[in-house]
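Have a look at the structure below, then the notes.
The values are calculated or read from the model by the stated rules, or taken from the named source; none is laboratory data. Since we're looking at a predicted model, the values are computed, not measured. Here the Cβ is made from the backbone with ideal geometry for all residues, glycine too, and neighbour counts use every protein chain on show. The protein model used for the area step is the full one, side chains on, heavy atoms only, and it has no ligands, DNA or RNA in it. Shrake-Rupley method; radii C 1.70, N 1.55, O 1.52, S 1.80 Å.
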Amino acid sequence: MKTVKSALLGSKQLIDTNADVLLIQLKEIIKEHRALVVTRLIGDLPTYLHYKFEMKANKDLLMKIKEELLLLKDNRVGLKVYDNIVQQLLNRAVVHLTNEPFYKEIDECLTAYVAEREIKFN
């Protein structure tokens, strides 16, 4: 039995019968956690954009970014992005999810919008 601990989801027990089953369960937990992070981020998106990218977005750009984040929220989980978590799970009994890899994925998703805005205003 393995355990994944998340500040957003609490503790989740995983059945450790084989690696494939373990990874399927991990994908679901990561998807749930990512959905909560994205939902919270959308709730205060202008503040995050200002903090992270030092930008103010107009309503149209905010809508585009929200749509992109909603797509990310519903997308399948690519475990390559979360390889560090996968390796921890395979080698430890307890894994603690931090928000860092989730925000890294989110920031990569937003990079195109930030770059587009910088091109327009430079």
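Which ones in region 43-62 are open to solvent by 100 Å² or more (accessible area, probe 1.4 Å) and not basic (Lys, Arg)?
His50, Tyr51, Glu54, Asp60 - these are the residues of region 43-62 that are open to solvent by 100 Å² or more (accessible area, probe 1.4 Å) and not basic (Lys, Arg).
Run down Leu69, Leu79, Leu89, Leu62 and say which single residue is more than 30 Å from Thr17 (Cβ to Cβ) and touching a residue at least 40 places away in the same chain (Cβ under 8 Å). Lay out the reasoning, then the answer.
Values: Leu79 fails: more than 30 Å from Thr17 (Cβ to Cβ); Leu89 fails: more than 30 Å from Thr17 (Cβ to Cβ); Leu62 fails: touching a residue at least 40 places away in the same chain (Cβ under 8 Å).
On inspection, the qualifying residue turns out to be Leu69.
So, of the residues in region 1-27 that are charged (D, E, K, R) and in contact (Cβ under 8 Å) with a residue 24 or more places away in the chain, which turns out to be surrounded by the fewest Cβ atoms within 10 Å (Cβ to Cβ)? Spell out the reasoning first.
Our first condition is that a residue be charged (D, E, K, R); within region 1-27, this holds for 2, 5, 12, 16, 20, 27.
Narrowing the set further to residues that are in contact (Cβ under 8 Å) with a residue 24 or more places away in the chain leaves 2, 5, 27.
Working: Lys2: 18, Lys5: 12, Lys27: 16.
Only one residue tops the list, namely Lys5.
Among the listed residues Ile24, Ile42, which satisfies the condition of being closer than 16 Å to Cys109 by Cβ, among the β-branched types (Val, Ile, Thr) and assigned to a helix (DSSP H, G or I)? Give the derivation first.
Values: Ile24 fails: closer than 16 Å to Cys109 by Cβ.
Exactly one residue qualifies, and that residue is Ile42.
Only one residue in Val81, Val77, Val114, Val95 is under 28 Å from Thr3 (Cα atoms), among the β-branched types (Val, Ile, Thr) and either loosely packed, with under 11 Cβ neighbours inside 10 Å or more than 11 Å from the chain's Cα centre (by Cα) (or both), so which one is that?
Working: Val81 fails: either loosely packed, with under 11 Cβ neighbours inside 10 Å or more than 11 Å from the chain's Cα centre (by Cα) (or both); Val77 fails: either loosely packed, with under 11 Cβ neighbours inside 10 Å or more than 11 Å from the chain's Cα centre (by Cα) (or both); Val114 fails: under 28 Å from Thr3 (Cα atoms).
None of the others qualify; the one that does is Val95.
In region 92-109, what count of residues is obtained for those that are in a helix (DSSP H, G or I) and touching a residue at least 60 places away in the same chain (Cβ under 8 Å)?
Looking only at region 92-109, we keep the residues that are in a helix (DSSP H, G or I), and these are 100-109.
Pick out the ones that are also touching a residue at least 60 places away in the same chain (Cβ under 8 Å) and you get 102-103, 105-106.
Residues in region 92-109 being in a helix (DSSP H, G or I) and touching a residue at least 60 places away in the same chain (Cβ under 8 Å): 4 in total.
Which residue is modelled with the highest pLDDT, if the candidates are limited to region 1-41 and must be of a type in the set (Asp, Glu) and more than 16 Å from Glu100 (Cα to Cα)?
Filtering region 1-41 for residues of a type in the set (Asp, Glu) gives 16, 20, 28, 32.
Checking the rest, the ones that are also more than 16 Å from Glu100 (Cα to Cα) come to 16, 20, 28.
On the way: Asp16: 86, Asp20: 91, Glu28: 96.
Across region 1-41, the extreme among qualifying residues is Glu28.
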